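Here's the structure, in structure tokens; my notes come after.
The values are calculated or read from the model by the stated rules, or taken from the named source; none is laboratory data. All of these numbers come straight from a predicted model, not from anything done at the bench. Quick reminder, even Gly has a Cβ in these numbers, built from the backbone with ideal geometry, and neighbours come from all protein chains shown.
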Amino acid sequence: MKLITLNTWAGREKAAFDAFLKEHMVETDIFCFQEIFNNYDGATGDYINHDEGNGNILQEITDILADFDQYFCPIAENVFGIAIFLKKGIGLIASGELVMYENPDFDPHDKTSDHTRKMQWMHIQHGRKDVMIMNVHGHWDARGRDDTPNRLQQSKILNDFIESVGLTPKIMVGDFNLNAQTESIKLLEKNFTNLISKYGVTSTRTPLYTGDDQHSDYVFVSPEVLVEDFKVMPDVVSDHAPLYLQFDVF
């Protein structure tokens with residue numbers, strides 16, 4: 001099976017992003033997206049400084065990926081969240097979401113405030129094989145991407161969940177908002193192989209990114225997952241690079 005994960009940058013690069021989807025939708029089985037607006041009119045606040053974002057990106061992706069089933073996980077007032085798209089014919093055994101960070105006092109007008117964060121998971125079946133896909137958009141902190149108590153707790157919450165589901169093959173992807181050498185990432189390596197580290201990836205950002213931190217996006221796989229191919233894709237459709245995984249399960 002083939003999976004692509006991408007932080008869409010809230011759909012700022014609409015033309016390039018649409019072309020990217022059309023180019024890769026035939027051979028891809030699973031898309032995991034972060035920074036997805038759902039019919040957002042801008043009335044309720046800024047939402048992580050994406051004034052230039054595409055408020056209708058969820059519907060526009062759904063229209064392009066007509067051969068996929070859409071699963072949106074709302075996080076902020078049902079207008080901002082993450083999403084998984086599964087090619088039609090892939091069976092869904094179970095699905096859910098996990099709160100990793102909670103902020104009931106989130107103020108979308110405060111550029112230093114972060115909304116609640118969730119992990120979206122889907123236990124899917126393809127033929128006689130099954131795998132759990134986990135889509136993450138990790139806690140953001142205005143001070144940077146190093147360890148904080150909230151991020152360490154987030155990794156603990158993820159590990160507790162992972163250990164609760166037994167030996168089901170697992171793939172966890174997304175924008176973790178974490179530098180590569182953090183203890184928060186090392187905690188997740190307790191249960192997973194970190195493909196960013198294993199493959200020596202030096203950056204998951206594109207030339208559209210103007211910051212200094214070169215890592216934010218990750219793909220983690222459990223021991224039951226056979227990695228057939230993994231790469232950072234060259235397409236510049238966001239300030240994050242798309243990550244590609246081709247895999248099988250034992």
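For the range 178-207, what are the residues that are surrounded by 16 or more Cβ atoms within 10 Å (Cβ to Cβ) and assigned to a helix (DSSP H, G or I)? S184, I185, L187, L188, L195, I196, S197, listed by residue number. Reported count of residues in the range 128-177, each being under 14 Å from Y101 (Cα atoms), among the hydrophobic types (A, V, I, L, M, F, W, C) and not in a helix (DSSP H, G or I), is 3.
Out of the range 102-127, which residues are closer than 25 Å to M1 by Cβ and assigned to a loop (DSSP other than H, G, I, E, B)? Of everything in the range 102-127, just one residue is closer than 25 Å to M1 by Cβ and assigned to a loop (DSSP other than H, G, I, E, B), namely G127. Within the range 117-140, if we keep just the residues that are over 21 Å from T8 (Cβ atoms) and of a type in the set (D, E, K, R), the residue that is modelled with the lowest pLDDT turns out to be R128. Any residue in the range 82-101 that is in a strand (DSSP E or B), of a type in the set (S, T, N, Q) and either touching a Gly at 6+ places or on another chain (Cβ under 8 Å) or modelled with pLDDT of 90 or more (or both)? Yes - at least one qualifying residue is present in the range 82-101.
Is one or more of the residues making up the range 241-249 within 21 Å of W121 (Cα to Cα), in contact with a strand residue (DSSP E or B) (Cβ under 8 Å, 6 or more places away or on another chain) and of a type in the set (S, T, Y)? The answer is yes; a qualifying residue exists. In the range 56-83, the residue that is surrounded by the most Cβ atoms within 10 Å (Cβ to Cβ) out of those that are closer than 25 Å to N150 by Cα and either free of Cβ contacts under 8 Å to residues at least 12 places away in the same chain or among the aliphatic types (A, V, I, L, M) (or both) is I82. When G11 is tested against the conditions (1) within 15 Å of the chain's Cα centre (by Cα); (2) farther than 25 Å from V227 by Cα; (3) surrounded by 15 or more Cβ atoms within 10 Å (Cβ to Cβ); (4) modelled with pLDDT of 95 or more, the lone failure is (4). Can you find a residue that is surrounded by fewer than 23 Cβ atoms within 10 Å (Cβ to Cβ), at pLDDT below 90 and not hydroxyl-bearing (S, T, Y) anywhere in the range 15-33? No: the range 15-33 contains no residue that is surrounded by fewer than 23 Cβ atoms within 10 Å (Cβ to Cβ), at pLDDT below 90 and not hydroxyl-bearing (S, T, Y).
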